[in-house]
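The values are calculated or read from the model by the stated rules, or taken from the named source; none is laboratory data. Worth saying up front: this structure is predicted, and the values here are computed from it rather than measured. Backbone-built Cβ (ideal geometry, glycine too); neighbour counts: all protein chains shown.
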Amino acid sequence: MPVLVLSTSLVPAIVIFFLAEAQQRTRTLVNIAGALAKLALVAVMLDGVALGVAYETRLGLLPGLDLLLRVDALALLFLTLSAFLWLLTTIYAISYLGQGPHLSRFFGFFSLCVAATTGIALSGTLVTFFIFYELLTLSTWPLVVHQGDARSIAAGRRYLAYTLAGSAVLLLGIVWLESRTGPVEFTVRGSLAGVDAPTLQAVFCLLVAGLGVKTALVPLHGWLPAAMVAPAPVSALLHAVAVVKAGAFGIVRIIYDVYGTTLLHELSLGIPLAAVAAFTVIYGSARALQQDDIKRRLAFSTVSQVSYIVLGASLFGPYSTIGGLAHLVHQGLMKITLFFCAGALAERLHVHKVRELDGIGRTMPWTAAAFTVGALGMIGVPPIAGFVSKWYLGLGGVQAGHVWVVLVLAGSSLLNAGYFLPLIYRAWFVPGAMDRAPGRERPFWLIAPAVITALASLGVGALAGLAMSPLGWATLIVERNYTP
Amino acid sequence: MLPDLLAVGVPWAVASIVLPLAVALAAIALGPHARHLVLPGALLGAVIALAAAAQVLAHGAWHHAVGGWLPPLGIRLRLDGLAASFLVATAVVACGVAGFSRRLFEPSARRETRAGFAFWPLFFVMWAGLNAVFLGADLFNLYVALELLTLTAVAMVALDGKAETLAAAIRYLLFALLGSLAYLLGVALLYARYGALDLGLLRAAAVPDAITLAAGAIMTAGLMAKTAIFPLHGWLPPAHAGAPTPASAMLSALVVKASFYLIARLWFDVLPAAATVETSQLFGALGAGAIVFGSLLALRQEQLKLVIAYSTVAQLGYLFLMFPLTGSAAAPQPWAAAAWTGGMFHALAHAPAKAAMFLAAGLMIKACGDGRLAPLAGIGRDLPIACFAFGLAAVSLMGLPPSGGFTAKYLLLTAALASGQWWWALAILAGGLLAAAYLFRVLNRFLIAPAEAAPRVAVARRDQAIALALAGVSILLGLASLVPYQLLQIGRPAAAVGGLS
Amino acid sequence: MSPILYAATGAVLVGIGVFGLLARTHLLRRILAFNVIGSGIFLAFGGLGSRGPGSGVDPVPQAIVITGIVVALAATALAVTLVTRLFEETGAVTLPGEHPAEGPDAS
């Protein structure tokens, strides 16, 4: 089963690489078919895992070292998000890129990137995780430099410099740990007995530093705003689904399934990590406030928002964990909405700067509405998804005895409001400088994905009480695995 | 039927030397028609190599006394897991290069080129020489095999007869001959001391005294000159970059490994007792030096093939890290000989990757009509398959997963950290990052959208596909690594587990 | 004649040859130097054949020396061909970047 899921994006990737540039219909068909098949498989597994079925595939790499793909509840949380958003992003990208050059290459790497994300979600050992993590780095690079101009190439170089250095640190951490324990498999509450504390602490720092690059923890975030030169669907994917989430997901795995919270508590590593995450939350928001370019503003917002996940995981309490995990999905939905909208605005109206937003509510009402929902969600206005995760995070902070977390959340929300509300205000209430004709909201499939994700972020917030909502699922994960 | 073919005693090992020699002779006789022999010959060679590997997997390592004569008089061949895996790697690369070159050296309608006539005999003699090195079980036969290899390799470099490649070939020849003589001198010393040349007999007799150590040192120095390990690497880049593309692929992927293979055989199989901590740390230091300096020099090259050639200098460095890292098997590892296996894995994975890279580069240079990096801008659109092959090969060279290069690096890193020799781990990681730096410098150009479309010469998709297939092998080696791993363990020397000295 | 004498003469020849290979830049001289080294090694190796009086002659070194001479001959032939070709192409008798030394090479 895990192999099947992996192949729903790997096979399209390979097929698309071999398609000629002109075979547009076939390419679209393969893409959408793969995405739909994956979604269907995910739905089946969701049902299975909820009932307690375990899916697992092993491939021996070396004696004792397996490539292990395993579907557990946490994996499915990430997998569902990526499967759902992949479908929408693919639809969006097909409309966005239209007849542009190198589309076979683009969609090939795009699918490969999703395959890597799937692999990350399903990884059952540290080495498996690393393999897919690197595959992700490699397959996103051609997407970042897709346009091939000097700026893209420079951004790509920066992206690689950060991520490859991060990978080297991560690999060092993994190998150091495994040179003491043998190959490490993800198991609930960890398996590191018998390793001395200083080594464990050092290894933890290496692992988190390595993963922190992709998570864009300050001061390792420099690549993210630079990578904004990529086409909008890529930015959407990088920010909402693949890259930053892979890092955050990895940190969650390390905390819960490699070390285990008890051990980390004994090593007193949680609070420093939480502090870094909290600083990133505030710093990212503050920097976002200064950006004039919409996409860069969104990029710094991502820096800030993704650290919520890390913050939730590093507080070790059940509520904060639920909040963090739910935010993994919530942030994905909201941020991808924002990027879809930003891309549509840039494509249809050539709007790139904040001040150019004036009056777009009239010209592109659906887009502006979706953007508003996403932005309000980010701020944490109920009942949109962002509110739910912030609520649980705050609750978790209080429960763990760290009231400062609430202050961080409040401060961040204020800053969020500070950089999002002007956008919303300009879009709806400032009349446009130029008289732009309405009717620019086409093609349909460029606008629809944003509306769908906006509705989804409303839905998961409003219906958070259901068992199959992201929050419900996060609760299931925590109850099943991480309740002390 | 099949079990009989793989039984102990079926001389696959002998066949793997005899067949290429026979094809080479036939190619000389057939002259311009030799190309019809190439594919059947290469494929048959591959079948023989696979059969030899299957034989080892089924029945373990064994010695074959050619003609029934036993040492000290006869010639013995030793077929163990290590030898078999190098046979297979050689066959894979050779098949790729053969398929690639079949049309390259096709005689044109008007005139017959000397290169077209000479390439195929040289190619098959080289193949035979490689197999003889991998299988040889006594020092003097190894000398002969090594010389066979040197002479064919030098001739291949000089194949197109341009002034600069001639100079490169002569420089290579001087280094290689000096190296061979040093090796021969060491052989003479060992024979004077022990009266034996057979590896097994020597191993049984060897004691760590001054003569033995001197002999080992002289032989190693000579072989290092042939392997182009830092700081004896000066001859390699001009020779490998100047050679015709298929020759570059063979030289960089295989020929330098042969002399490395002998160094490893010498220390692990013959003289483990004579090695000291200092010697193995010195080997490691040379390896680390090669990684760093080779990479830094690769970073500064403006010619595509020179980048790849310097990358070979750097990659060879990893092989020498296995000397200080062996014997560090700590309890938690499931791998008894992690460093030794890792080093050998690296040699095996590097072969198809580097061959793929040279073949892809050759196609790009042909398409651009220019060997520099700058005109490559935007070539990703014109030669997508070749670029993809180059990229996959680069993944393996950088040691990123999933690839044979990663598996090798993982094993070496584990050994380094398990034995507390973290400085080698840092060298390995730094080497990976430097490799990324010089390879992405090339990869970047593939994706640049050039201001105006440059004129390109058309390149056959089939040739690109061969490069892609070779690159694919190096990637696959990282996923299907279990069988190669098991193969390598068969008949591995005791020192690979216990360490040198 | 004792093997020591052969070995000592061989060592002297190797020394002369190595000096020639390193100190001379004219390629023909280098090839000759290579042959001198080879001769030194063969001489020493051949001297090993007699293992003390009365015990006969060990054939292995002799067989090896003969093979070695053949290999050296092949290598020399290849080297001379390459040097000749280089001279035809460029008129140079040294490797690029190395200048003919003053004195004996200048002729």
Residue count for the stretch C:67-96, restricted to those that are more than 7 Å from chain B (Cβ to nearest Cβ), touching a residue at least 12 places away in the same chain (Cβ under 8 Å) and assigned to a helix (DSSP H, G or I): 4
Are any of the residues in the stretch B:149-165 within 20 Å of C:S39 (Cβ to Cβ) and part of a helix (DSSP H, G or I)? yes
B:L50 being surrounded by 15 or more Cβ atoms within 10 Å (Cβ to Cβ) and under 23 Å from B:L199 (Cβ atoms): no
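Are any residues in the stretch A:59-81 assigned to a strand (DSSP E or B) and without any contact (Cβ under 8 Å) to a residue 24 or more places away in the chain, and if so, which ones?
Just the residues of the stretch A:59-81 that are assigned to a strand (DSSP E or B), to begin with: A:59-62, A:65-71.
Correct list: A:L59, A:G60, A:L62.
Please verify whether B:S259 is out of contact with any strand residue (DSSP E or B) (no Cβ under 9 Å at 6 or more places or on another chain) and over 30 Å from B:G161 (Cβ atoms), treating the condition exactly as stated.
On the way: out of contact with any strand residue (DSSP E or B) (no Cβ under 9 Å at 6 or more places or on another chain): yes; over 30 Å from B:G161 (Cβ atoms): no.
No, not satisfied.
Check the stretch B:271-290 and report whether any residue there is closer than 30 Å to B:L363 by Cα, modelled with pLDDT of 90 or more and either in the same structural domain as B:L434 (by TED's automatic domain parsing) or not aromatic (F, W, Y) (or both).
yes
Residues are listed down the side, and each one gets a yes or a no for (1) surrounded by fewer than 24 Cβ atoms within 10 Å (Cβ to Cβ); (2) modelled with pLDDT of 90 or more:
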{"site": "B:S328", "(1), (2)": "yes, no"}
{"site": "B:L359", "(1), (2)": "no, yes"}
{"site": "B:I365", "(1), (2)": "yes, yes"}
{"site": "B:L383", "(1), (2)": "no, no"}
{"site": "B:A393", "(1), (2)": "no, yes"}
{"site": "B:L397", "(1), (2)": "no, yes"}
Breaking point among (1) within 30 Å of A:L74 (Cβ to Cβ); (2) touching a residue at least 24 places away in the same chain (Cβ under 8 Å), for A:R426: (1)
Can you pull out every residue in the stretch A:243-261 that is surrounded by fewer than 24 Cβ atoms within 10 Å (Cβ to Cβ) and hydroxyl-bearing (S, T, Y)? A:T261
On the basis of being more than 14 Å from every other protein chain (Cβ to nearest Cβ) and crowded, with 24+ Cβ neighbours inside 10 Å, does A:S123 make the cut? no
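Has the stretch A:226-238 got any residue that is in a helix (DSSP H, G or I) and at pLDDT 85 or above? Walk me through how you get there before you give the answer.
The first filter runs over the stretch A:226-238 and keeps only residues in a helix (DSSP H, G or I), leaving A:226-229, A:232-238.
Filter once more, keeping what is at pLDDT 85 or above: none.
So far as the stretch A:226-238 goes, no, none of its residues is in a helix (DSSP H, G or I) and at pLDDT 85 or above.
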Looking at (1) more than 23 Å from the chain's Cα centre (by Cα); (2) within 12 Å of another protein chain (Cβ to nearest Cβ); (3) modelled with pLDDT of 85 or more, find the lone condition where B:L433 falls short. (1)
Check off (1) more than 10 Å from chain B (Cβ to nearest Cβ); (2) over 24 Å from A:L273 (Cα atoms); (3) touching a residue at least 40 places away in the same chain (Cβ under 8 Å) for A:G100 and give me the number that stays unchecked. (3)
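With respect to A:G166, is the statement that it is part of a helix (DSSP H, G or I) and surrounded by fewer than 24 Cβ atoms within 10 Å (Cβ to Cβ) true? Full working, then the answer.
Working: part of a helix (DSSP H, G or I): yes; surrounded by fewer than 24 Cβ atoms within 10 Å (Cβ to Cβ): yes.
The answer is yes for A:G166.
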Only one residue in B:L232, B:L254 is farther than 21 Å from B:L500 by Cα, surrounded by fewer than 22 Cβ atoms within 10 Å (Cβ to Cβ), out of contact with any His (no Cβ under 7 Å at 6 or more places or on another chain) and touching a residue at least 24 places away in the same chain (Cβ under 8 Å). Which one? B:L232
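Among the residues of the stretch B:482-493, are any within 30 Å of A:L206 (Cα to Cα), part of a helix (DSSP H, G or I) and not aromatic (F, W, Y)?
Here is the first cut: in the stretch B:482-493, the residues within 30 Å of A:L206 (Cα to Cα) are B:482, B:485.
Next, only the ones that are part of a helix (DSSP H, G or I) stay: B:482, B:485.
Adding the requirement that they be not aromatic (F, W, Y) leaves B:482.
Yes: one or more hits.
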Restricted to the stretch B:244-295 and to residues being in contact with a Ser or Thr (Cβ under 7 Å, 6 or more places away or on another chain) and not in a helix (DSSP H, G or I), the residue farthest from B:A347 (Cα to Cα) is B:T276
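Restricting to the stretch B:157-180, what's the tally of residues that are within 7 Å of chain C (Cβ to nearest Cβ) and touching a Phe, Trp or Tyr at 6+ places or on another chain (Cβ under 7 Å)? Spell out how you get there, then give the answer.
Going residue by residue through the stretch B:157-180, those that are within 7 Å of chain C (Cβ to nearest Cβ) are B:158, B:161, B:163, B:166-167, B:169-171, B:173-174, B:177-178.
From the residues that got through so far, the ones that are touching a Phe, Trp or Tyr at 6+ places or on another chain (Cβ under 7 Å) too are B:171, B:177.
Matching residues across the stretch B:157-180 total 2.
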Mind counting the residues in the stretch A:17-64 that are touching a helix residue (DSSP H, G or I) at 6+ places or on another chain (Cβ under 6 Å) and under 30 Å from B:V483 (Cα atoms)? 5
